[in-house]
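Written out below as structure tokens is the structure these notes cover.
The values are calculated or read from the model by the stated rules, or taken from the named source; none is laboratory data. Nothing here was measured: the structure is a model prediction, and the numbers come from that model. So basically every Cβ, Gly included, is an ideal-geometry build from the backbone, and we count neighbours across all protein chains shown. These area figures cover heavy atoms from the full protein model, side chains too; ligands, DNA and RNA do not enter into them. Shrake-Rupley method; radii C 1.70, N 1.55, O 1.52, S 1.80 Å.
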Amino acid sequence: MEIVELRKYLHDLSNALNAAKINAYLLRRMHGDLLDRETVDGLDSSLFDAERLVSELHRKIIGEMTTEKDPAVAAR
């Protein structure tokens, strides 16, 4: 995996996690059970995006490690 590609994934992951932190902060600032549905949806969406980015990066890294160890896999 190229350094540029790794940096892009890390940047996207950082943005998604920062959005989750901001939304979580807003949730805490809201009062009681009167949470705004948009805030809850924003938090869920941000966390989902972060999890998706981590999964994609993990699959790419594992895939590259596999092809480096087994040249037959790279030929497929």
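Worth a mention:
- When Thr39, Thr67 are compared by accessible surface with a 1.4 Å probe, the order from highest to lowest is Thr67, Thr39.
- Separation of the Leu10 and His58 label points, Cα + 7 Å toward Cβ, nm: 1.9
- Lysines with Cα under 25 Å of Lys60, excluding same-chain neighbours fewer than 8 positions away: Lys8, Lys69
- The solvent-accessible area of Glu51, taken with every protein chain present and a 1.4 Å probe, is close to 120 Å².
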